[in-house]
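Chemist: This is the structure I have questions about; it appears just below.
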Amino acid sequence: MGRMDGKVALISGGARGQGAAEARLFASEGAKVVIGDLLDVEGMRVAAEIAELGGDAMYVHLDVTSEEDWQSAVAAAVSSYGKLDVLVNNAGIWRRGRVEDTTVEDWDAIQNVNSKGVFLGTKAAIPEMRNAGGGSIINISSTAGLVGGPRSTAYTASKGAVRLFTKATAIQYAGESIRANSIHPGPIDTEMIHQVWQGEDNSREESIARTPLGRVGTVDDIAYGVLFLASDESSFMTGSELVIDGGSTAQ
């Protein structure tokens, strides 16, 4: 028995990194997985790899800033697999900039993907979760959604928005058995963290030094947290924050 037997999940940003790890883990635990991303070649490759291992996955082109794309992705999940139980709002972008260095264009781009994208995905998924009798929404925020960060004003603001949007969703839809929780990763070894470190000396060492467990996290560290929130094991959790950060925000 898999921990997600019988469930249908849609994961945004599922073509690589953290999202791809979530997709593979969900499929290995019995879920039918819809991978949404802008990276068509990579996304189709992940779906094919899952199928080769005996899992069930499909890829859909998804620009998370487009309401039409979200409606199409949800419709594809339901037409292919009959329902939608789980949504993982995983897609996100990062750009450097203190307040004075942040352009309006960078601010808008980050809010559009990281904040508006989560809103649009949630809005599109709720009617189908209602039809399924309930569901679980997992929004990937960040430790930057809990505490201030020196490198990116807009990213921190966007992830703070995700944190409280999650709580609003949770209390509005708890009566319909639709749960919403946020995950707050610390430094995780993905392409994004290398973008954060770019051009800085000893950034990796500094990140490790600030993390009590003494290492950077892996995509699987996060994926197992997402799996828990997607499964019925977390059925009494909604509006909560799952912090997976090696202890960095505990100090």
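Chemist: Just to confirm my filter: which strands (runs of 3 or more DSSP E) fall fully inside region 6-103 and include at least 1 residues that are touching a residue at least 24 places away in the same chain (Cβ under 8 Å), in contact with a Pro (Cβ under 8 Å, 6 or more places away or on another chain) and not small (G, A, S)?
Modeler: none
Chemist: Hey, another quick one. Mind listing whichever residues of region 52-100 are more than 27 Å from I110 (Cα to Cα) and of a type in the set (S, T, N, Q)?
Modeler: Across region 52-100, the qualifying residues are S79, S80.
Chemist: To continue, here is another question. How many residues are assigned to a helix (DSSP H, G or I) and at pLDDT 80 or above if we restrict to region 172-205?
Modeler: Here the count works out to 5.
Chemist: Every residue in region 52-104 that is charged (D, E, K, R) and under 18 Å from the mean Cα position of the chain (by Cα), please. Quick ask: steps written out before the conclusion?
Modeler: We begin by selecting, within region 52-104, every residue charged (D, E, K, R); these are 52, 56, 63, 67-69, 83, 85, 95-96, 98, 100-101.
Within region 52-104, D63, E67, D69, D85, R95 meet the criteria.
Chemist: Tally up the residues in region 123-162 that are over 12 Å from the mean Cα position of the chain (by Cα) and assigned to a helix (DSSP H, G or I), please.
Modeler: Total satisfying the criteria: 21.
Chemist: Look through K116, K167 and report the one residue that is within 19 Å of E67 (Cβ to Cβ) and at pLDDT 95 or above.
Modeler: From the options K116, K167, the qualifying one is K116.
Chemist: While we're looking at this one, here's another question. Report the residue count in region 217-251 for those that are on the phi < 0 side of the Ramachandran plot, assigned to a loop (DSSP other than H, G, I, E, B) and surrounded by 18 or more Cβ atoms within 10 Å (Cβ to Cβ).
Modeler: Qualifying residue count, region 217-251: 3.
The values are calculated or read from the model by the stated rules, or taken from the named source; none is laboratory data. Given the structure is predicted, the values throughout are model-derived calculations rather than measurements. Glycine also receives a Cβ, built like all others from the backbone with ideal geometry; neighbour counts cover every protein chain displayed.
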